[in-house]
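*Asks:* Can you read through this structure? Questions will come right after.
The values are calculated or read from the model by the stated rules, or taken from the named source; none is laboratory data. As the structure is a prediction and not an experimental result, all values here were calculated from the model. Cβ sites come from the backbone with ideal geometry, for glycine too, and all protein chains shown count toward neighbours. SASA here: full protein model, heavy atoms, side chains in, ligands and nucleic acids out. Shrake-Rupley method; radii C 1.70, N 1.55, O 1.52, S 1.80 Å.
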Amino acid sequence: MKKGLLIVVSGPSGTGKGTVCHELLAKTPELAYSISATTRAPRAGEQDGVNYYFLTKEKFEAMIAAGEFLEHANVYGNYYGTPLGKIEERRAAGQDILLEIDIQGALNVMAKCPDGVFIFLLPPSIEELEHRLRGRGSETAESLARRMGNAKKEIGIGRRYKYVVVNDTVDKAVQDIQAILVAEHSRVAANAHLFEELEAE
Ligand code: ADP
Ligand code: 5GP
């Protein structure tokens, strides 16, 4: 049995991770999304157990203490975390799993799961990043300034990832990520079973 990939997409806030991953999942039915837990309040239209598991701070901290997260981080004042939720068992059964998480979380996963496929999403320019954050309508002047300041520091961390994708258009970014998945599935190291099966004939 071929092991499933652990695909980690991250990048600065406002680059388009949520948008690109949503489209990638719609176009790649064999990919499973790892639903994160968070202490932030649901936004309009978000459902518990679909977009996130919405937890109280107390419940989240109890899960941290019980070792139930692969990684967790405090992002702009709220906790976010990836529940272990049988990730390794699902991969062993051949399931590819997508994590859309912030940069701190991705660095923690890099330390724990070096075989992950780490993809850094970049905006086409700093001006376009600011334009997207403003356009999302989710930021106050203060939080916009904070995110833009952080983004400039965070961009350099992308050098530590395995792949970089520029989110110019959503379609092109999704195609690039799909191409990365094809390449990762074609690695000799990921296909030992093919050689073994043919050699056993
Ligand atoms: P993130 O999850 O990285 O914080 P979002 O997915 O929320 O970013 O995207 C931020 C804003 O930019 C949203 O308003 C989204 O509609 C917009 N956006 C995302 N990708 C693109 C793109 N390729 N071109 C134009 N706008 C985009
Ligand atoms: P939002 O509140 O806009 O949904 O997400 C805010 C940030 O938290 C985004 O950068 C998103 O990628 C990140 N995030 C979502 N889930 C997780 C998670 O499980 N772990 C970490 N470390 N970050 C997450």
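*Asks:* Once R0 is set to 25 Å, what does the formula 1/(1 + (r/R0)^6) return for the Cβ-Cβ distance between Thr140 and Gln175, expressed as a FRET efficiency to the nearest 0.05? Please report the intermediate quantities before stating the final value.
*Replies:* Numbers: r = 35 Å, r/R0 = 1.39.
That gives a FRET efficiency of 0.10.
*Asks:* Then there is this: Just to verify a number: FRET efficiency for Ser186 and Gln47, C-beta to C-beta distance, R0 = 30 Å, to 0.05?
*Replies:* Numbers: r = 36 Å, r/R0 = 1.20.
In this case the efficiency is close to 0.25.
*Asks:* Putting +1 on Lys and Arg Cβ atoms and -1 on Asp and Glu Cβ atoms, find which of Thr38, Val9, Asn51 reaches farthest to the positive end of the dipole of segment 1-82.
*Replies:* Toward the positive end, the furthest listed residue is Val9.
*Asks:* May I pose another question? Please list, by residue number, every one of the trypsin sites (Lys or Arg not before Pro) in segment 1-109 that is coil in DSSP and has at most 10 other beta-carbon atoms within 10 Å. Write out the running numbers ahead of the final one.
*Replies:* Working: sites: Lys2, Lys3, Lys17, Lys27, Arg40, Arg43, Lys57, Lys59, Lys86, Arg90, Arg91; in loops: Lys2, Lys3, Arg40, Arg43, Lys86.
Within segment 1-109, the qualifying trypsin sites (Lys or Arg not before Pro) (loop, at most 10 other Cβ atoms within 10 Å) are Arg43.
*Asks:* Compute the accessible area per residue over the chain, keeping the other protein chains in place, probe 1.4 Å, unit Å².
*Replies:* Numbers: 10920 Å² over 201 residues.
Here the per-residue accessible area is 54 Å².
*Asks:* On to the next question. Quick one: Cα centre-to-centre distance for segment 29-54 and segment 96-128, in angstrom?
*Replies:* Taking the Cα centre of segment 96-128 as reference, the centre of segment 29-54 is 18 Å away.
*Asks:* Would you be so kind as to identify all helices of the chain, as entire DSSP H runs, whose Cα atoms reach 24 Å or more along the helix's own axis and whose mean Kyte-Doolittle hydropathy is at least 0.0? Can you show the working numbers first?
*Replies:* Values: long enough: none.
Counting only whole DSSP H runs, no helix qualifies.
*Asks:* I've got another one for you. About its Cα centre, how strong a charge dipole does the chain have in debye, to the nearest 20, once Lys and Arg get +1 and Asp and Glu get -1 at the Cβ? Walk me through the numbers on the way to the answer.
*Replies:* Values: 24 positive and 28 negative charges, 136 e Å.
It comes to approximately 660 debye.
*Asks:* Ignoring ligands, DNA and RNA, what percent of the accessible area of the chain is carbon or sulfur (1.4 Å)? Please list the in-between numbers first.
*Replies:* Numbers: 5930 of 10920 Å².
Summing carbon and sulfur atoms, their accessible area is 54 percent of the total for the chain.
*Asks:* Quantify how much of the Cα-Cα distance distribution of segment 1-96 extends past 23 Å, in percent. Could you put the intermediate results ahead of the total?
*Replies:* Numbers: 1346 of 4560 pairs.
Across segment 1-96, Cα pairs with separations above 23 Å total 30 percent.
*Asks:* Could you give the alpha-carbon Rg of the chain over 2.2 N^0.38 Å, rounded to two decimals?
*Replies:* Working: Rg = 17.8 Å, N = 201, 2.2 N^0.38 = 16.5 Å.
Output field value: 1.08.
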